[in-house]
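The values are calculated or read from the model by the stated rules, or taken from the named source; none is laboratory data. Values in this document were obtained by computation on a predicted structure and should not be read as measured data. Neighbour counts run over all protein chains shown; Cβ positions are idealised from the backbone, glycine included. Side chains are part of the model used for accessible areas, which takes the heavy atoms of the whole protein and leaves out ligands, DNA and RNA. Shrake-Rupley method; radii C 1.70, N 1.55, O 1.52, S 1.80 Å.
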Amino acid sequence: MDLSQIGPNIVKLWQQYWQVFLLEGVMNTLKLTAIAVFFGVLLGTLVAMAKMCRFKVVRFFIGVYIEVIRGTPILLQLYIFYFVLPELLPFLALSPFMWVALALCINSSAYVSEVIRAGIQAVDKGQTEAARSLGLSGRQTMLRIVLPQAVRNILPALGNEFIMMLKETSLASTFFLGDLMTSYLLVGGATYLRFEALIIAGVIYLCLTFPLSKVVAAFERRMARGTAD
Amino acid sequence: MEQRTELIKTVDLHKSFGKLQVLKGVSETIHAGEVVSVIGPSGGGKSTFLRCLNMLETPEQGQIFFEGVEITGRKVDIDLHRQKMGMVFQHFNVFPHLSVKKNITLAPILVKGMSEAEANKKAMELLERVGLADKAEVMPGKLSGGQKQRLAIVRALAMEPDVMLFDEPTSALDPEMVGEVLEVIKGLVETGMTSVIVTHEMGFAREVSDRVLFMAEGVIMESGAPEELFSAPKNPRLQDFLAKVL
């Protein structure tokens with residue numbers, strides 16, 4: 001490999017293929033991430049509530065759900081959603097892209113539910129006791145006292161979940177689904193300039209995650225200031 | 001003896017945490033207008049007894065009657081009765097995400113359906129009373145421990161309770177702030193507010209109480225007027241306890 005050519009090659013690749021990377025790769029990566037995190041948060045909230053409900057049977061099965069998802073590789077889950085489930089559930093008629101989005105969303109829900117549960121349980125028990133002692137119902141206490149404080153713990157962690165998910169969508173390239181890693185496969189394969197294509201993809205991932213992680217960090221600091229007492 | 005209304009009555013309360021038996025049969029009656037202090041060694045069941053009175057702890061045996069209603073009964077709407085029992089905690093438990101004023105107005109508006117204007121007016125009166133009127137719009141994080149506890153007291157008062165329960169209200173305070181909080185409690189009991197006060201401040205208990213309960217090992221070992229109990233303790237556990245703390 002002629003290292004001196006890397007710089008010029010990158011420039012050349014970029015000029016020729018920037019649309020593949022940006023318009024297709026980045027767009028699909030963001031689309032997958034947004035779908036996975038948005039529905040992951042919705043589903044994760046339900047899972048968290050179920051995990052804290054009063055019925056032992058429900059708590060048990062939700063516990064199994066969370067353990068199975070967190071205890072198996074995401075790639076294995078993607079295989080199941082891509083190859084097995086469409087055959088088992090043909091009536092759903094989802095596109096391969098949507099099957100993968102669904103897998104990521106289910107995966108995200110398990111992590112998000114634990115984030116939410118931890119955020120709620122981190123709120124001091126004395127807050128609940130004070131609210132209940134004033135005559136607030138369990139529901140009012142949750143909505144007016146516990147959740148507003150839990151959000152401070154939860155939001156920064158959800159930001160991190162978004163960043164994690166953004167990177168994990170690269171696994172969609174296993175099925176050639178048009179995300180940023182697929183762009184690398186396309187461009188690298190067509191030009192045989194694999195290293196250069198990887199650098200371009202890597203820099204783009206960094207450009208996406210670095211500002212996000214800075215935003216999350218700033219947010220965390222603000223939240224920490226808000227609760228200090 | 002004058003006719004007195006029974007406000008809270010407990011019958012043979014038992015409570016365990018795991019294998020640890022904390023209350024081993026506590027029967028006691030608090031009358032309207034009475035100021036009762038509960039003293040005793042840590043782990044003797046004082047706080048648990050107090051927390052049972054508004055059902056923050058559920059006793060596994062025994063009954064609690066509040067204003068004639070058995071609140072340990074199965075079909076009781078405990079939220080309704082808690083509105084009439086104010087509670088002040090050792091660690092203040094003010095709501096950090098609400099301003100000082102909103103800490104006070106939250107429950108009257110939400111639970112009693114009071115109008116915001118009325119609740120605000122009342123909150124300002126109460127804040128005035130404890131010298132915190134200038135802090136109304138401040139977040140509680142900016143308050144000192146003593147100020148937080150004064151806020152917690154008026155937050156409970158805003159519900160116009162029939163009884164106030166104090167769970168070691170000065171134990172978490174820096175020494176220089178104990179006085180200001182005790183002053184507020186003293187002012188309150190002088191208005192005739194029925195109060196049950198779990199405390200380690202013996203001087204205070206002696207000064208403000210109509211009656212003092214000495215709790216140890218999960219039972220009330222001695223009960224009586226403060227002069228008797230402090231000057232002529234009969235129970236050997238109490239004699240031992242007073243010798244150590246006084």
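Side notes on the structure shown:
- Inter-chain neighbour count for B:89-97: the average number of beta-carbon atoms from partner chains within 10 Å of each residue's beta-carbon is 6.
- Taken over the stretch A:16-77, the alpha-carbon convex hull comes to 75 cubic angstrom per residue.
- Added length on full extension, which subtracts the Cα-Cα distance from 0.36 nm per residue, A:PHE176 to A:VAL215: 11.0 nm
- Given B:LYS24/B:LYS84; B:LYS9/B:LYS234; B:LYS15/B:LYS46, the pairs whose alpha carbons are separated by over 22 Å: B:LYS24/B:LYS84; B:LYS9/B:LYS234
- Peptides A:109-116, A:24-31 ranked from most to least packed give A:109-116, A:24-31, packing being the mean of other C-beta atoms within 10 angstrom over each peptide's residues.
- Accessible area per residue was computed with a 1.4 Å probe on protein heavy atoms; B:HIS91 scores about 120 Å².
- Probe 1.4 Å, all protein chains present, accessible-area order of A:LEU75, B:LEU173, A:LEU171, largest first: A:LEU75, A:LEU171, B:LEU173
- Chain A: most fluctuating residue of A:GLU87, A:GLU67, A:GLU196 per GNM, C-alpha cutoff 10 Å: A:GLU87
- Note on A:VAL57 and A:ASP2: with the Förster distance fixed at 60 Å, the Cβ-Cβ geometry gives a FRET efficiency of about 0.40.
- Other residues lying with their Cβ under 10 Å from the Cβ of A:LEU136 contribute a combined charge of +3, Lys and Arg counting +1, Asp and Glu -1.
- With a 1.4 angstrom probe, the accessible area lost at the B-A interface totals about 1900 Å².
- Proportion of all alpha-carbon pairs of the stretch B:174-246 beyond 16 Å (%): 51
- Convex hull volume per residue for chain B, taking Cα atoms only, in Å³: 138
- Bridging of A:LYS31 to aspartates and glutamates at a Cα separation below 17 Å is possible for A:GLU161, A:GLU168, A:ASP179, once same-chain residues fewer than 8 apart are set aside.
- Within chain B, DSSP assigns beta bridges of which about 55% are antiparallel (rounded to the nearest 5).
- Accessible surface of chain A [probe 1.4 Å, protein heavy atoms]: carbon and sulfur percent: 68
- Å² of accessible area per residue within the stretch A:1-90, as computed with a 1.4 Å probe and no ligands counted: 65
- A 1.4 Å probe over all protein chains sorts A:SER137, B:SER115, B:SER42 by accessible area into B:SER42, B:SER115, A:SER137, starting with the largest.
- Percent carbon-and-sulfur accessible area, the stretch B:1-133, ignoring ligands, DNA and RNA, probe 1.4 Å: 48
- Max mean-square fluctuation residue, GNM over chain B, Cα-Cα springs under 10 Å, options B:GLU168, B:GLU116, B:GLU217: B:GLU116
- GNM top mover of A:MET181, A:MET142, A:MET165 - chain A, alpha-carbon springs below 10 Å: A:MET142
- At the residue level, B:ASP240 shows approximately 70 square angstrom of accessible surface with a 1.4 angstrom probe and all protein chains present.
- Once the Kirkwood radius over Cα pairs is known for the protein assembly as shown, the Stokes-Einstein relation at 10 °C and 1.306 mPa s delivers a diffusion coefficient of 60 µm²/s.
- Within the protein assembly as shown, antiparallel bridges make up roughly 55 percent of the DSSP beta bridges whose residues both belong there.
- Helix-only mean residue ellipticity at 222 nm for chain B, each DSSP H run of n ≥ 4 adding -39500 (n - 2.57), per residue, nearest 500: -11000 deg cm²/dmol
- R0 of 41 Å, Cβ-Cβ distance A:LEU76-A:LEU30: FRET efficiency to nearest 0.05: 0.95
- Charge dipole magnitude, Cβ of K and R +1, D and E -1 - the stretch A:3-88, Cα centre, debye nearest 20: 420
- Spread over its residues, the convex hull of the C-alpha atoms of the stretch B:33-100 is 150 Å³ per residue.
- Heavy-atom accessible area with a 1.4 Å probe sorts A:TRP14, A:TRP99, largest first, into A:TRP14, A:TRP99.
- With Cα atoms as the point set, chain A shows a radius of gyration and Dmax of 21.6, 75 Å.
- Computed with a 1.4 Å probe over protein heavy atoms only, the accessible area of A:TYR82 comes to about 60 Å².
- Within the stretch B:116-246, the percentage of alpha carbon pairs spaced more than 23 angstrom apart rounds to 41%.
- The Cα-based radius of gyration and maximum Cα-Cα distance (Dmax) for the stretch B:80-147 are 12.0, 32 Å.
- 3J(HN,Hα) from dihedral phi, the stretch A:47-59, Karplus parametrisation 6.51/-1.76/1.60, rounded to Hz, x for glycine, proline: 4, 4, 5, 5, 5, 9, 6, 8, 8, 5, 4, 4, 4
- Karplus-derived 3J(HN,Hα), 6.51/-1.76/1.60, for each residue of the stretch A:169-180, Hz, glycine and proline x: 4, 4, 5, 4, 5, 3, 10, 6, 9, x, 6, 4
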